[in-house]
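Report on the following structure.
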Amino acid sequence: MRRNVSILLIVVSILIIFSTLIFALEIINVKDYIKGKFPVIFNIYLASLGELDEDEKGFIDLLQNLPEEEQKNFAKEVYNNGFSKEILEKVKKVDIKFEIEIEDEEKNIEELLIIDAGKWIYKKEINPLNDKTLITFKLECEENEGVVPIFLILEKEGKKTTIYVDWGEEVRTLYEGSVIVRTRFGDKESSKSFNWETSIVTFGDILAESFFGKRAWVPSRYTFYTGRESKFIRKLISVDRFVIEVKSVDKMKMVAVFDVRGLKAAVEQYNGILNWVKE
């Protein structure tokens, strides 16, 4: 009997020691737990956590999934107010929201891949200044003699459509705000010359001409189409290639060639608003 009791005591002692060791192994300090996961400053922000419990570990695991700015905000909140269940719940909500945003972004990327929009980049957004819907189509040129990229941009905000080229560098023009541009749609049509708008005249430009009797140079990166925008866009949709050349008053020329294929597919996503594609 005594022998059995002794064996039982030994077994119980071993279990207690084993449990104590396991518990000791599970205790981890915040500095060790966040090492390599966050910037060094987080050692200060989260120092008050000390030895971590399960809620605090869960908080740090969720924090790791958030954008850098959100990570800093929550870490500073712990630094200023200490850790609480309330902070943990807030992190959980932000984490769920962030995951949904990622899923939506991935879904949008998949939709873009399905739509054969060529090399066009397009987006729809709300202008926070006037709450009007702004839809933008942007295309980088495929052939360009310069180093700076050139973009063809189509925009519709409210009822206004704007077509312009961002040349990426200065186009020198007279202060009236116009420059001669040559364009060619496709391979069958010959090129034609038109005046496109550039900068808006400033009071300083007017003074320069008044005092010095000399027209002022006005730098501008952009040239704006001034004709019927709907006709221009429908011509773009009907061809594969668009070429544009700008010649500034100092005789410098810049030429850009655009592969405009896929514009119709891109426009059709918003044609109920745009009305650029005729059925």
Next on the checklist: Within region 245-276, take every residue that is under 19 Å from LYS231 (Cβ atoms) and polar (S, T, N, Q) and give me the one that is surrounded by the fewest Cβ atoms within 10 Å (Cβ to Cβ).
Outcome noted: ASN275
Checklist entry - Of the residues in region 113-145, how many are outside any strand (DSSP E or B), at pLDDT below 90 and not charged (D, E, K, R)? => result 9
Next on the checklist: Given the criteria at pLDDT 90 or above, surrounded by fewer than 17 Cβ atoms within 10 Å (Cβ to Cβ) and assigned by TED's automatic domain parsing to the domain that holds GLY168, does SER210 qualify?
Outcome noted: no
Checklist entry - How about region 1-79: which helices (runs of 4 or more DSSP H) wholly inside it have at least 3 residues that are modelled with pLDDT under 85 and surrounded by 10 or more Cβ atoms within 10 Å (Cβ to Cβ)? => result 2-26
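Collect the residues in region 132-169 that are of a type in the set (Val, Ile, Thr), without any contact (Cβ under 8 Å) to a residue 60 or more places away in the chain and farther than 23 Å from ARG228 by Cβ, keeping them in residue-number order.
Taking region 132-169 first, the residues of a type in the set (Val, Ile, Thr) are 133, 135-136, 147-148, 150, 153, 161-163, 165.
The next check asks that each one be without any contact (Cβ under 8 Å) to a residue 60 or more places away in the chain; those that pass are 136, 147-148, 153.
VAL147, VAL148 - these are the residues of region 132-169 that are of a type in the set (Val, Ile, Thr), without any contact (Cβ under 8 Å) to a residue 60 or more places away in the chain and farther than 23 Å from ARG228 by Cβ.
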Checklist entry - Within the set of pairs 6+ apart or on separate chains, which have a first residue in region 118-131 that is free of Cβ contacts under 8 Å to residues at least 40 places away in the same chain and in the same structural domain as ILE153 (by TED's automatic domain parsing), a second that is of a type in the set (Gly, Ala, Ser) and assigned to a loop (DSSP other than H, G, I, E, B), and C-beta atoms under 8 Å apart? => result ASN130/GLY158
Item to check | Residue among TYR222, TYR175 that alone is at pLDDT below 90, farther than 24 Å from ASP116 by Cβ and surrounded by fewer than 19 Cβ atoms within 10 Å (Cβ to Cβ) | outcome: TYR222
Next on the checklist: Just the residues that are closer than 24 Å to ILE96 by Cα and without any contact (Cβ under 8 Å) to a residue 24 or more places away in the chain, please, taken from region 37-71.
Outcome noted: PRO39, ASP53, GLU54, ASP61, GLU68, GLU69
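The values are calculated or read from the model by the stated rules, or taken from the named source; none is laboratory data. None of the values given here were measured: they were computed from a predicted structure. All Cβ positions, glycine included, derive from the backbone under ideal geometry; neighbour counts span all protein chains shown.
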